[in-house]
Amino acid sequence: GGGGGGGALSTGAATRKTDPRPLNDRHYMMSNINTVHKFLTSHGYERPIEKRQLQSPTSKEFFYIFAFLYRHIDPSFDVANYESGVSKPTRGGAKGGGKKAGDGKDGKDGDGGGAPAARLEDEIPAIFKALGYPTAISKRSLHAVGSPHAWPALLGALTWLIELLTYDEICADKEREYAQQQAAAAAAVAHAQQQQAQQQQQQQVAA
C-alpha cells in the first residue's frame, strides 16, 4: 500500500478508521442488540440466546454467533477448525497422547500436515476486512469480548454483517420474485398460443 505521503494522508487514513456510529450510546446499543437477537431467532440459531446475554456476551458466545452469521456466506466455516478460547481442534487425528502438530516426525499424517491451526482472533478481523467492513477489528478486543471497551465495537460489527446478509436476502427475494413473474408471463403466453391453435383447429374442422 502506497504510504509515501505526508501527514495529511496519514490523518486521512486515521479518520477513515474512525467509526461514525454512536457505538457506545446505550440506546444505539440496545437497537443493535435487538437487531442481532431478531436475526438469530428468526434464522434458526442453534443455541438458546436471550437479549440480556447480548449485553455482555462471553467470547465463546460471540464466536458462535459470528460463525452462525458467516456461514450464510461461507457454509463451510466452523469454529472447531480454529484455535481459540472456544475449542481446541484435534490435529493429526490422534485421540489421546498422540503427536502434536508440528512434531515433524509424523508430519504427513492427519489433516494439515502438522501446520498449526489458525486462531479465530486472527481470522475474524481478516474476514471482516475481506467483506469490506470499513473499520479495523481489534484482535485484543476478541480476548475480552463482553468488556465495556470492546463489546460496543464488536456489536456494531455484528450488526453491520447482519445488514449485509439482510440486503442479500432482499436481493435474492427480488430475483426470485422476478423469475416467478417471468415464468408466469411465459406460461400465460404459452396458454394463449395453445388456445389460439385449438380455435384454429376447430374452425378448420367446422369448415
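Things to note:
- Radius 14 Å from Cβ of GLU61, net charge of other residues (Lys, Arg +1; Asp, Glu -1): +2
- If you take all other residues with their beta carbon under 12 Å from the beta carbon of ILE127, and give Lys and Arg +1 and Asp and Glu -1, the sum is -2.
- Ordering of 194-201, 137-144, 157-164 by burial proxy (mean other Cβ atoms within 10 Å per residue, highest first): 157-164, 137-144, 194-201
- Rounded if a/c under 1.5, otherwise prolate or oblate - region 164-207, Cα gyration tensor axes: prolate
- Rounded percent of accessible protein surface that carbon and sulfur make up, region 144-191, 1.4 Å probe: 64
The values are calculated or read from the model by the stated rules, or taken from the named source; none is laboratory data. Keep in mind the model is a prediction, meaning the values are calculated, not measured. Every residue, glycine among them, receives a Cβ derived from its backbone with ideal geometry; neighbour counts consider all protein chains shown. Each accessible area value is taken on the protein alone, full model and side chains, heavy atoms only, with ligands, DNA and RNA left out. Shrake-Rupley method; radii C 1.70, N 1.55, O 1.52, S 1.80 Å.
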